[in-house]
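Structure first, commentary second.
The values are calculated or read from the model by the stated rules, or taken from the named source; none is laboratory data. Model, not experiment: these values are computed from the prediction. Note: ideal-geometry Cβ built from the backbone for every residue, glycine included; neighbour counts use all protein chains shown.
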């Protein structure tokens, strides 16, 4: 019945900077756009496998509406380098309690993003109990 996440919606005060972050810096593709009163109002960003980030012009929601979104990568070191070389702060990679590499940043709207690189030992595939210290 349930297949996967279809999209996550975020609001932005700056469509151009949000598009630059996701499309130019991270290399994702912009999908279709929303026009309102003959002006660009928003757009979809394709994450692959029919999952998207839906972006609309407007004030970002209060912190807590979405804690974060996790984006899978196959080269976390490259993502970190790309973000930093484009002026975005990101954490060093660390191996989480689930045995998956992770690095954290925020998009231009303050949306927290966890970049996730699975390993052969990742609990998402192996299962088990994840003991955390945070």
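Of everything in the range 44-62 that is in contact with a helix residue (DSSP H, G or I) (Cβ under 7 Å, 6 or more places away or on another chain) and under 26 Å from residue 72 (Cβ atoms), the residue that is surrounded by the most Cβ atoms within 10 Å (Cβ to Cβ) is 55. If only residues of the range 49-59 that are under 15 Å from the mean Cα position of the chain (by Cα) and farther than 19 Å from residue 83 by Cβ are counted, the one that is modelled with the lowest pLDDT is 50. Taking residue 83 as the residue in question, decide whether it is in the same structural domain as residue 6 (by TED's automatic domain parsing) and modelled with pLDDT of 90 or more. So residue 83 does not fit the description; no.
Residue 10 - would you say it is in contact with a helix residue (DSSP H, G or I) (Cβ under 6 Å, 6 or more places away or on another chain) and not assigned by TED's automatic domain parsing to the domain that holds residue 109?
On the way: in contact with a helix residue (DSSP H, G or I) (Cβ under 6 Å, 6 or more places away or on another chain): no; not assigned by TED's automatic domain parsing to the domain that holds residue 109: yes.
Here the answer is no, as residue 10 does not meet what is asked.
For residue 110, indicate whether it is at pLDDT below 95, loosely packed, with under 14 Cβ neighbours inside 10 Å, closer than 23 Å to residue 13 by Cβ and not assigned by TED's automatic domain parsing to the domain that holds residue 7.
Working: at pLDDT below 95: yes; loosely packed, with under 14 Cβ neighbours inside 10 Å: yes; closer than 23 Å to residue 13 by Cβ: yes; not assigned by TED's automatic domain parsing to the domain that holds residue 7: yes.
The answer is yes for residue 110.
Does residue 92 satisfy being modelled with pLDDT of 85 or more and more than 26 Å from residue 3 (Cα to Cα)? For residue 92, the condition - modelled with pLDDT of 85 or more and more than 26 Å from residue 3 (Cα to Cα) - is met.
Counting residues that are in contact (Cβ under 8 Å) with a residue 40 or more places away in the chain, which strands (runs of 3 or more DSSP E) fully inside the range 15-85 reach at least 3? Spell out how you get there, then give the answer.
Working: elements: 29-36, 39-48, 51-57, 69-72.
In the range 15-85, 51-57, 69-72 are the strands (runs of 3 or more DSSP E) which contain 3 or more residues that are in contact (Cβ under 8 Å) with a residue 40 or more places away in the chain.
Checking the structure you have, find out if any residue of the range 115-128 is within 30 Å of residue 57 (Cα to Cα) and in contact (Cβ under 8 Å) with a residue 24 or more places away in the chain. Checked against the condition, which is being within 30 Å of residue 57 (Cα to Cα) and in contact (Cβ under 8 Å) with a residue 24 or more places away in the chain, the range 115-128 yields at least one hit.
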